[in-house]
Structures are given as C-alpha cells and as structure tokens.
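Colleague: Could you have a look at this structure, given as structure tokens, before my questions?
The values are calculated or read from the model by the stated rules, or taken from the named source; none is laboratory data. All values reported here derive from a predicted model rather than from experimental measurement. Methodologically, a virtual Cβ is constructed for each residue, glycine included, from the backbone with ideal geometry; neighbour enumeration extends over all protein chains shown.
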Amino acid sequence: MSTPVPSARTFSRYNICSGNYRPCATATETLMYCVAGSMASLPTAGSSNEGLQEPQPTASDSEDIIARSIDLTHLTKVEVQSKLKSGEFVLVDKSKDGRARNEQLWRKFQSIVNKKDSKSTEFVCCCDCQEVFKHHSQKSGTTHLKTHLQSGCKVNKSAKHVSHTQTAITGFITNNTRQKHARSVARKRAVEMCAKDVRPFSILEGEGFRAFAQAMIDIGAQMGKVSAEDILPDRRTVSTDATALFQQKQQELAKTIQTHTSSGNMIGATTDLWTDDVKHQHYMSLTIHVEEDWTLMSRLVTLKHIPSNIKKTAVNLRSEIFNSFKDLHIEPETVKSRVVFTTDCGANVVKALSVCNWIGCGCHQLATVLRHVFVVTREEETYFNVLLNIEEVQQAEDDVVVVRGEDGVECEVEIIQIVNKQMEALSKVVAHLKRTGLNGELPNSVYQENKTRWNSRLNSMRSVIRQMDNIVSLLQRSDQSILVDDIDVDLLNTVCDFLKPFEDATKDMEADHVPTLHKAVLWYFELQKILSTPSSVQIRRSLNERALRFLRQKFVIGTFHKVAVFLCPMFRRLMMFPIDERSGVLAQVRQFINDFPDPTDTCQAPSNPRNTNCDHEYAPVAKRPYRFAAFEDDDTVESDDEVAQYLQTTFNFPPDESFNPLKFWSNSAQQFPKLAHVARSIFCCPAASSASERAFSNAGAVYSKRRGGTMSATTLEALCFLHSEGRCANDT
C-alpha cells in the first residue's frame, strides 16, 4: 500500500510524492526508531514546539555547492542526449554518494556530468531505459522519477509479471481517484504539522518518519478508523521505551563482541572526547569495528557522560574505557590483547592506551602536519628576523629553509606570513558579506574559516574564488571594494591546489564499511611524491618543502599499517619500504599467524560465493599443461608457510583504487586460511577515528539548545545508540 507522504521539496511546492515502505510492528517501537533514525528531538518536560535542527554545511557539502554555481540551466534534453552520444557528457553513479537521499531511487538513475570538469548538469539518466530527465537537486523533487519507474520505464514494463486476469477499467479509475485524494490530504496535513509544531520540511524525508507513517497506515488498514489519541504513546512512554530498547540492543552487541574476541579475532575501536555546546558537559564516545561475513560493521558502544569532577587524565580515561567494556562483559585483559584502538594523538589519550594496541588517526596526523605548515613559531619568527640581514642563506637551524627568489630574499617563514595575511583579508570579506546580508545575494553562500579545522580554510577559499566577480560587484555597489584590493586570487588558487591532495587523503581514510588501514600507508607515500614534485611557483615550492618535512616528522606508520599493506595482494612485496623493513613485516605476519588460533572452523569461504558482492575473480593463474611439464622446475613452496606461498602466487585482477581487500580474502580463504584469518582482524582496524566524530555530530543534532536543559545523558546516549544501530541495519 502506498504511503501518501510528500518529500520535503515536493511538499514545499505542494506537489505529490509517494512510495512503498516497509511496515513496522507497533506505533511505539516505530516512533522510537523515527526519533533515532531521523535524529529528531524527543519532547521533554518544560519544552514544546521542539524541532529538528537544520543540518549545518559540512566540508564535503561545499564541493556540491561550488559545482552548482556553473550555469548549465539552458541545456535542453535534446542537447544533453547529443552530448552523451558524443562523449562530452558522461554518467556518474549517484547512489555511491553517501550524502544522496533516496538512495534506493538513485540506484536506478545516474547523474549526467561534464566529462571535462566533472560539473553536474540538471539532468539524470535512467539506468534501465537510458531516458533522460531534468532534475535539479535543490529546485525539483523526485516525483517524476518515481512515476517513470512505476509506470513509464519500458524495461520495467516488459519485466513485470503479466496477470492472466485483466482488471476492469473502472478499477483503475477508482484506485487512481482514491490515491489522488489520499495524497491531497497528506499534503495538507503535512503543511499543518510543520507549521503548527515548527518542524522542518526535511522531517518528511526521514526514514524513521516514513516507517512510522507506514505503520500508522497499516494499523488503520487492520483496525479501521481509529483515533490517534488511542494509539500514539505519551512522550514519557517513548523516552522510557527508548532506554529499554537501548539496553536490549546493547546486550545483543555485547554478545557479538564476545563472539569475535573468544574466537581469536581482533576488533577495531575508536574513542574520542566531546563537549556539548549547551551545558558544556563532557562525553566520551566508544565505537567498535567488527567483520561479519567479510563485511565491516561500525557500531556505537557508548556515549558516556564524564562528570565534571573527573579530570581527563590518562588514568581516568583508561578506567572509563575499561569500564565501558566491562559493561559488555569484556575484561580488561581481553581489551589489551584483542582490541586495536584508533585515536587522535592527544598526550592523555595516547598514554591511557599505552597498555593496549594503538594506532594514530591518519586524519588527525595530517591535520597536525598542516597546522605546523601554516603556523610560524616564535623561534622561527625570531630567527627569520635575524636572517633578513643576511644576503643569502642556504640552510638554517631547525630545518628552516631560506632561499633567494627571483625578486629578492624569500623564505618559508615569509611566505607563510603572506598566506596568513591573505586568509585574514579573506576572512574580513566573508565576515562583511555575512554581517551586511550581501551573502544572501550571492548564487552560493560563502564560508567562514574555522581556525581549528584546516579543511574550513580550503572551503572558505573555494567559496570566494568561484564567486569573486559577483563579490566584487556587490562590494562596489556598497563602496566597500577596498576589502578585496589585497586579495590575490592566484595565490589563493595555489594554496587550494596545495591542500587538495590532503583533502583527498582525508576522505579516503574516513571511508566507512570498507578497509582503510592500508590507505594510510599509500597516502603517506603518495603525498611524499606529490610534495617532492618540482614547482616553478615559489609559494607552492616553499609550501611543498615545509609540508614534506613535517609529514615525515609527524605522520607515524606502525606495524599494523605495514601488515595491512602486505595483505593487499598488489602491494604484498612492500616495494615502498626498505629491504630491512620488509623482512620485519613478514616476521610480524608470521607472528600473528602463530598468535591466532587454528582458523579451520572460523575462516571459511562464503557458502555462496555469488553473494559476496565481489567485482572481480581473484584466482591464481594456472600453468597450461604441455608435453615436457614433468621436467619443468617446480616453483611451488613445499611447506606450510602461507606467507611464502602468498608471495609467489600470481593473482589475476585489474588495478583499481576502490579495491576491497576483504573481498579478495573472502575468495582466497580456502587457499590461504591462516592469512585470511589475520586479514579479517587487521582490516577491522580503521585508519581514522571519524566514527567517533560522527557519533558526536549525531549527538549535537539531538542535544539542541532548546532541549539541553531537560534531556538526560541516558536519553541522549540511547538515541545516539539506536541511530547507530539503525544505520548498521540499513547497511546490511
């Protein structure tokens, strides 16, 4: 039965949108998942008209905003089809974008982009029949796309089962009329709900809300017309049930962790600290990363409130972490031997986990590198002032490089000062545009730099550079063009080009549900290669030299990183490492094999290989038999040393940046059972602690300023935990 719930964009224009949704069992349970799944706020005592806070722009959202600034609105459908045939436009799978809403729908449509600059058009293409449709992500809804799939797609029509009995034409007319009436009522009630309860339009697109609406429809279909007052639970009941469901799900998670640790597997974990913006209370998040049927799963274990009287020392943090695992019936000794933590490099956190297996967060290490690049220390500034009196200097103390440029003496310190002055001028322009309201007259909003996040600097520069002509025009109109006189667009473009590889590396290491530990090593050497490339631009050359020096000092590659690279078959010979380090990695892999129990029963290949979602066949290349094969030298290893066998085996698969090593080992588990067992544990360890930060983002969405005075820490933890479980269920 179709649920007459309009989408947010369609609803705001008063259009129609409906789809099929999975029914839920009860209203109370569905309402809890509605709140946790959509991260909407639960009503609390002393508050009313509480709504879901609008999501703030993130670093990744800025690229979409920038891309939409290109004017491609004058293209016609015929022109787009012609450019697709000529190859000027290409199709891009939109469902792979984790930010795309209606993911099920976008598996049937692809975005049409310009091949040259990857800019999006306002058209999409049906994957089945290749028909082109106009669609803008902000200006239009998806009703026409859903209608096409339901009734217009020729491929879908031919694939549908043909009934032996034909429905009378009056039946179609009656059903269509009723459906239109139901949609009209749903639209009207949606308007009234958002206006009366002060709710955002986006609540209508939440998976939890749609599941709740479907449950209400199913109850009405079963029981007939009933009063909502008789079915909907009280807010206190929902809060109590949410806590009870949280405790039940947490115990189920405890059994999952116990199963993995007792079978000899290692699990990954991330932890971080957060302070809310309302009461400034401290919280600690703990997430675990486990492998289930050769697929990575990220689960929130706890979002624990840390009382203000407990100092965040290493001893106290270690105690809180161990107590969190004790609540799951995992003893500290098991945590020390079977859990690998990925955290930032804060001194207290590193010391707290010194008794455990620890990996430094790759994203935090890159942020540390860039922080040192753009910050001039007092010692550097003092030394630079002394060097200004020297005509030519090749090398200074503390690796502060000073060189002579074409137009005079230039050095790293001077260039960093120039870049920082440019950012100060840029910040003044952005602040003026926002303060005077001129920002609303721009095609896209400009972003202010956050001093603690380097990617905000990149987003701020991009948002201004792409709209510089419009900004200059607005400032001239208000006689404030002097603000942009000191801005050097070429210099800002150079800094953007310098930061772009760091942005790519960060996104790659933050990926969820795929192995990322080996990516930290690959990006470490890739960034070294990029930063070592000669440049004719003095500013870029100095930035590269400074970043390369700090990258080698601050970015730490550990044993787990190296083993992860070895377990990627295309890098198994470890050519990026010196020879002595390679032998050490092989010895460590053999040690892991000895430490882990016999994988005969725990490391089997999937029962149905076709369901492993494997894109390629990873099989060794067999030799073709011939007449004199009996006299040929035998290259096979006559031992049980899987490491040597793995090194000498030739694998047949195409190179691919999105290569998933777990998929490889799911097909190779029978050939290399011991190595596969090690791989299942090693690739559980994430390269970054972004999972904990995502938990804090969800907590910030729930713990709004309007509700901060009444929501308990237990309710906040319950909602964030249930939200994590809902995401995990959707991913499976």
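Colleague: Please enumerate the residues belonging to the range 671-725 that are surrounded by fewer than 24 Cβ atoms within 10 Å (Cβ to Cβ), among the small types (Gly, Ala, Ser) and more than 26 Å from Thr506 (Cβ to Cβ).
Modeller: Ser704, Gly708, Gly709, Ser712, Ala713, listed by residue number.
Colleague: Of all residues in the range 540-558, count the ones that are buried (at least 16 other Cβ atoms within 10 Å of the Cβ) and part of a helix (DSSP H, G or I).
Modeller: 13
Colleague: Can you list the helices (runs of 4 or more DSSP H) found entirely within the range 453-512 that contain at least 2 residues being in contact with a Lys or Arg (Cβ under 6 Å, 6 or more places away or on another chain) and over 20 Å from Arg541 (Cα atoms)?
Modeller: Passing ranges, in order: 489-509.
Colleague: What number goes with the only condition from (1) aliphatic (A, V, I, L, M); (2) surrounded by 21 or more Cβ atoms within 10 Å (Cβ to Cβ); (3) more than 24 Å from the chain's Cα centre (by Cα); (4) farther than 30 Å from Leu442 by Cα that Val537 does not pass?
Modeller: Going through the list (1) aliphatic (A, V, I, L, M); (2) surrounded by 21 or more Cβ atoms within 10 Å (Cβ to Cβ); (3) more than 24 Å from the chain's Cα centre (by Cα); (4) farther than 30 Å from Leu442 by Cα, Val537 breaks only (2).
Colleague: Can you say whether Arg183 is without any contact (Cβ under 8 Å) to a residue 60 or more places away in the chain, charged (D, E, K, R), outside the structural domain of Phe322 (by TED's automatic domain parsing) and farther than 21 Å from Thr710 by Cβ, as far as the supplied structure shows?
Modeller: Considered against the rule, which asks whether it is without any contact (Cβ under 8 Å) to a residue 60 or more places away in the chain, charged (D, E, K, R), outside the structural domain of Phe322 (by TED's automatic domain parsing) and farther than 21 Å from Thr710 by Cβ, Arg183 comes out as no.
Colleague: Counting only residues that are under 21 Å from the mean Cα position of the chain (by Cα) and modelled with pLDDT under 85, how many does the range 93-119 have?
Modeller: 16
Colleague: Next question. Against the definition (among the hydroxyl-bearing types (Ser, Thr, Tyr), out of contact with any Asp or Glu (no Cβ under 9 Å at 6 or more places or on another chain) and either within 24 Å of Leu353 (Cα to Cα) or surrounded by fewer than 17 Cβ atoms within 10 Å (Cβ to Cβ) (or both)), how does Thr237 come out, yes or no?
Modeller: Here the answer is yes, as Thr237 does meet what is asked.
Colleague: Inspect the range 368-377 for any residue being farther than 25 Å from Arg540 by Cβ, at pLDDT below 95 and of a type outside the set (Val, Ile, Thr) and give the result as yes or no.
Modeller: no
Colleague: Looking at Ala701, is it outside any helix (DSSP H, G or I) and either at pLDDT below 85 or among the hydrophobic types (A, V, I, L, M, F, W, C) (or both)?
Modeller: Criteria not met by Ala701.
Colleague: Six or more apart or on different chains, Cβ under 7 Å: which pairs go from a residue in the range 459-477 that's closer than 20 Å to Phe498 by Cα and touching a residue at least 12 places away in the same chain (Cβ under 8 Å) to one that's part of a helix (DSSP H, G or I) and of a type outside the set (A, V, I, L, M)? Could you list them?
Modeller: Hits for this filter: Asn459/Ser62; Met461/Cys496; Arg462/Ser62; Arg462/Cys496; Ser463/Ser62; Ile465/Asn493.
Colleague: Right, here's the next one. Among the residues of the range 539-591, which ones are within 18 Å of Ile416 (Cβ to Cβ), in contact (Cβ under 8 Å) with a residue 40 or more places away in the chain and charged (D, E, K, R)?
Modeller: Answer for the range 539-591, where residues must be within 18 Å of Ile416 (Cβ to Cβ), in contact (Cβ under 8 Å) with a residue 40 or more places away in the chain and charged (D, E, K, R): Arg540, Glu545, Arg546, Arg549, Lys554.
Colleague: So, in the range 300-314, how many residues would count as being crowded, with 22+ Cβ neighbours inside 10 Å and not polar (S, T, N, Q)?
Modeller: Of the residues in the range 300-314, 3 are crowded, with 22+ Cβ neighbours inside 10 Å and not polar (S, T, N, Q).
Colleague: Moving on to the next point. Residue check, Asp580 against (1) assigned to a loop (DSSP other than H, G, I, E, B); (2) modelled with pLDDT under 90; (3) closer than 30 Å to Leu527 by Cα, all met but one. Which one?
Modeller: Of everything listed in (1) assigned to a loop (DSSP other than H, G, I, E, B); (2) modelled with pLDDT under 90; (3) closer than 30 Å to Leu527 by Cα, Asp580 misses just condition (1).
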